[in-house]
Amino acid sequence: MKYKAFLIGLAFNFLLAIFACYLLDPYGFYRKIEIKRLNQQKEGVRNVIRYVKAIEVGLRKPQTILMGSSRVHDGINPQNSVLQKYAPVYNYGIDMLRINEAKYYLKHAIINGNIKRVIFGLDFFMFNSLEKFNPAFDSTLVGRKLNFIDMLKPCLPSKYVVADIYNTINISRTQPERMEFLANGYRPGSSVFYHLQDYKKLHYYTNWIFLSNDKQATPYYGRYVQNEQTFKCFEDFLDICRRNNIECILFITPAHALLDGEGIHLTGLWDKMEDFKRNVTKIACEKNAVIWDFSGYNYVTTESLKNPMKYYWDSSHYKESIGNLMMEQMMMPQLNNSAYFGTRLTEKNIEQHLKEIRTDREKYLKSNQVDVTWINQLYNRIKENKGIPKEQTENIFAK
Amino acid sequence: MLVPTLLAASVFFYLYSSILFAAILASSILINFSIGKRINLSIKYKYHWLLAGLFINVGYICLFKYTDVISGLFSFIGNHNINSYSLPLGISFYSFTQMGYLFDQFEGEKPEKKLINYSLFVSFFPSVSSGPIIQNDDVGKQLRQLTFKQFNIEKITRGFCLLLIGLFKKVILADSVANIANEVYRAVNAKVNINSLEAWIGAVSYSLQLYFDFSGYSDIAIGLAWMIGINLPWNFNSPYKAVNIVDFWRRWHISLSNWLNNYVFEPINYGYTKKAKSIPFLSKTSGLGGYLLGTFVTMFLCGLWHGATLNFILWGLFHVVLIFANRFWNMFKARPGLKSDSKNQSSAAIWSSRLLTFVSVTFAWVLFRTTNLGSAINMWKAMIGGNGFYISEAFAKRFGIVINNPGFKFHFTSLSHPIFTESMFAIAVNLFLLLLVVFLLPNSREIMCNQCKVPRSLFVKKIAKFFTVENGWRPSYVWLLIMSVMTISLVTWNKVAEFLYFNF
């Protein structure tokens, strides 16, 4: 073999590999060819969700973004009929998003897109100052104008891409109904919790993660510190919206009452949670943003633990139907349907609203003793440092 | 035209790191060039100029590398609040290259007449940041004599392939074990009591990371230089295949070892031996004394070269102990009446020597990687089983290992502080495969260098035959496949960690 032929062969193989990456598209950026059982499930996204979201928001150029944690990511579909008049809508939900990060991702979306509206789902855990940034947050990417190389990088062949292509093909073949990462950023809960068979165990696991005080794990309610800095970040977020003439609609997400009610109560954070609601309402009103609260003890959040559940996948993640209901309530409040839930918060009604939640809780404790005992036993086990029972982690999903 | 073009490329490369650092490099070049000339011209003050040159170069290194330590030493006088400077890229490498140049001038070597040639020799972009440390009569000469005719497709292809191998070592091999080593050392620095298996996994991972990282960089530098038509000296020759510690230093960071040998060890060894011979009570042991003193000073400086922390100095001294042990062992073997045939050693003897050397070097690297002596002691304690051994329950049951065996603590099923997110098995397989690469496969030099006379073992010859390099590297379909896979696996998505030796 001659040296020249060797170099040409090397270049050819490299270009061939780039082309294969482009076509198989394990990160779902290009979506030129999508074949069921071959590459419909974009498995590469799973481990680099923050990277993918930061690139996609630049590629899709949405006018409306849905921001929040995995609760928004998995529960609100931009295809929702209510949102169509605000299209193009992109679900910019990012797992375990913190308020500090949210500010940077918003800036990033503004720099790289054409944002007119932000619908932002607030979670109590977002304001935990023990973790300001997720370890996967990339400060060299988020907050600057994306360039050609940023778009090209993921399709360049690498050991990660090769592994992600293999996983994409493998999962697409074995789970042909699964389409977890859609082009509009939405991650349908039905694909995330694919083949979920034991709802109660999944609730157990989620509550454990949130209430545990394990120092190695991500801090949620088991280790929680609230300070002024986190609320300052929230103020900054709203200031960025105001400066850029972006309409901002805020809502407190409806996690299950066992978690965002009883769990918070058990960990002694009830007062902090009420302060959180007071503060965000005050700041939102000052900055002329609309804020809704869907959490508390309403007919959605108090759904009893059973198999399957109508409104929830686990204690943290509601189903798409609830996401749709919230969007209708916030974007079309004039409908005033009795099936809707949630309260629009103002500085005037916040204290009354908190009082109602306390009353609703009393009622809940009396009428749902089985579930309440269940969460109390779970928390006692956490306090005894016994570790999560093995049987609670087995066979949650069907094989 | 070639010299200015290459100099411009080198300046551009260096400016990329920082304008200030480029200015520091430029000043160092100007000063050393002038002093080199003075040494060459002056007869009376030759020695003084050499001392001045050395003093200035050491001053440069101290100023940027050791400010923290020096200010710490004088802290008893008062708080001076001396700010530490960030480290200019490759300062240790280009300072040593220039000190070598000054020594050579002192020895009467022909001086470099043109500043532009000298500047290119010092700042040549493939070698300026992490070596190899080059010499003027070798690389400098090549750079001066470089012509367009020397560019050809064979050199470009070979250079490119060596560069790919180097990148592959760094990006795929070194970075894949870096995470494991980082996890373990993070735990050790945080005073977590890790067990023996975890400690060994961390220590071996770091040994491999350091080798693949630095030798990978050297391959990239040599490959880049080949593409331009320049032969840089080889810096590594399978150091972990060394059968003793002296052999290790002949194979590890060869350019630094040679530099220290030529300019530190040999003068001290020769000087002491010569002087001691005239002193009656030292005359009998003058050779040994020269060797021991030379080794001590050389390895002390070697440690200091890497950084002015206690750990680096102790690392150098650890190697002193190993080298002394090796010397005394050789003396013991050479005693009259003791039969030893070092040339015809059995493969078992060679492999056990190799393993012993690797283990010793791995123990020493602990000092290199930990941030303080306490962490190093913790790591060593864990490595020798002070925190207990890890063994799976299934293994213990199957082989009937007695639980609570006196002196040993066994952890079952899982670790109390799981350092690794990957399974232990996956990590062990990964390390085992990398050790096979290190111990069994031919190195880059053996694969790519057709001109080098490399002694090859029978096994390496067989491997070489398989990879069609038994008569030197030639392009082939096997190599097209290998290089294509390497290229494809190289362009990584994630950020590539910085080369470890950029810090020295």
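The values are calculated or read from the model by the stated rules, or taken from the named source; none is laboratory data. Keep in mind the model is a prediction, meaning the values are calculated, not measured. Here the Cβ positions follow ideal geometry from the backbone for every residue, glycine too, while neighbour counts run over all protein chains shown. These area figures cover heavy atoms from the full protein model, side chains too; ligands, DNA and RNA do not enter into them. Shrake-Rupley method; radii C 1.70, N 1.55, O 1.52, S 1.80 Å.
Identify, please: which residue in the stretch B:274-323 is among the charged types (D, E, K, R) and outside any loop (DSSP other than H, G, I, E, B) and is, among those, farthest from the chain's Cα centre (by Cα)?
Per the stated criteria, the residue is B:Lys277.
Name the pairs: first residue in the stretch A:9-22 and within 7 Å of another protein chain (Cβ to nearest Cβ) and over 21 Å from A:Ile169 (Cα atoms), second residue hydrophobic (A, V, I, L, M, F, W, C) and open to solvent by less than 50 Å² (accessible area, probe 1.4 Å), Cβ to Cβ under 6 Å, at least 6 apart or on different chains?
A:Gly9/B:Leu480; A:Leu10/B:Met483
Just give me the residues in the stretch A:22-75 being among the charged types (D, E, K, R) and in a helix (DSSP H, G or I), in sequence order.
If the condition is that a residue be among the charged types (D, E, K, R) and in a helix (DSSP H, G or I), then A:Glu43, A:Arg46, A:Arg50, A:Lys53, A:Glu56, A:Arg60, A:Arg71, A:Asp74 are the ones that fit.
Can you pull out every residue in the stretch A:355-371 that is assigned to a helix (DSSP H, G or I) and either touching a Leu at 6+ places or on another chain (Cβ under 6 Å) or buried (at least 19 other Cβ atoms within 10 Å of the Cβ) (or both)?
A:Ile357, A:Tyr364, A:Asp371
Residues that are within 14 Å of chain A (Cβ to nearest Cβ) and either at pLDDT below 75 or within 30 Å of A:Asn47 (Cβ to Cβ) (or both): which helices (runs of 4 or more DSSP H) entirely in the stretch B:427-504 hold 3 or more of them?
B:477-490
So is B:Ala187 in a helix (DSSP H, G or I) and away from chain A (no Cβ under 14 Å) or not?
No; evaluated as a whole, the condition is false for this residue.
Suppose the filter is within 17 Å of A:Ile99 (Cβ to Cβ), in contact with a Ser or Thr (Cβ under 7 Å, 6 or more places away or on another chain) and either free of Cβ contacts under 8 Å to residues at least 60 places away in the same chain or acidic (Asp, Glu) (or both); does A:Asp293 pass it?
yes
Looking at the stretch B:229-263, which of its residues are open to solvent by 20 Å² or more (accessible area, probe 1.4 Å), more than 13 Å from the chain's Cα centre (by Cα) and within 24 Å of B:Asn152 (Cβ to Cβ)?
B:Asn231, B:Pro233
Which of the residues that make up the stretch A:196-227 are crowded, with 17+ Cβ neighbours inside 10 Å and aliphatic (A, V, I, L, M)?
A:Leu196, A:Leu202, A:Ile209, A:Leu211
Say we look at the stretch B:88-132 and pick out the residues that are buried (at least 24 other Cβ atoms within 10 Å of the Cβ) and of a type in the set (Val, Ile, Thr); which of these is nearest to B:Ala8 (Cα to Cα)?
B:Val122
Looking only at the stretch B:19-40, count every residue that is of a type in the set (A, V, I, L, M) and within 10 Å of B:Phe106 (Cα to Cα) and tell me the total.
Adding up the residues that qualify gives 1.
Open to solvent by 10 Å² or more (accessible area, probe 1.4 Å) and at positive phi: does that describe B:Lys169?
no
Do the conditions hold for A:Met331, that is, is it within 19 Å of A:Val82 (Cα to Cα) and crowded, with 22+ Cβ neighbours inside 10 Å?
No, not satisfied.
Out of all the residues in the stretch B:187-203, which are touching a residue at least 12 places away in the same chain (Cβ under 8 Å) and open to solvent by 20 Å² or more (accessible area, probe 1.4 Å)?
Those that are touching a residue at least 12 places away in the same chain (Cβ under 8 Å) and open to solvent by 20 Å² or more (accessible area, probe 1.4 Å): B:Asn189, B:Lys191, B:Val192, B:Asn193, B:Leu197, B:Trp200.
Restricting to the stretch B:141-166, name every residue that is surrounded by fewer than 21 Cβ atoms within 10 Å (Cβ to Cβ) and touching a Pro at 6+ places or on another chain (Cβ under 7 Å).
Residues satisfying the conditions do not exist here.
Answer with yes or no whether A:Phe251 is touching a helix residue (DSSP H, G or I) at 6+ places or on another chain (Cβ under 9 Å), open to solvent by less than 10 Å² (accessible area, probe 1.4 Å), among the aromatic types (Phe, Trp, Tyr) and assigned to a helix (DSSP H, G or I).
no
What number of residues within the stretch A:26-44 satisfy the criterion of being more than 14 Å from chain B (Cβ to nearest Cβ) and open to solvent by less than 40 Å² (accessible area, probe 1.4 Å)?
Qualifying residue count, the stretch A:26-44: 6.
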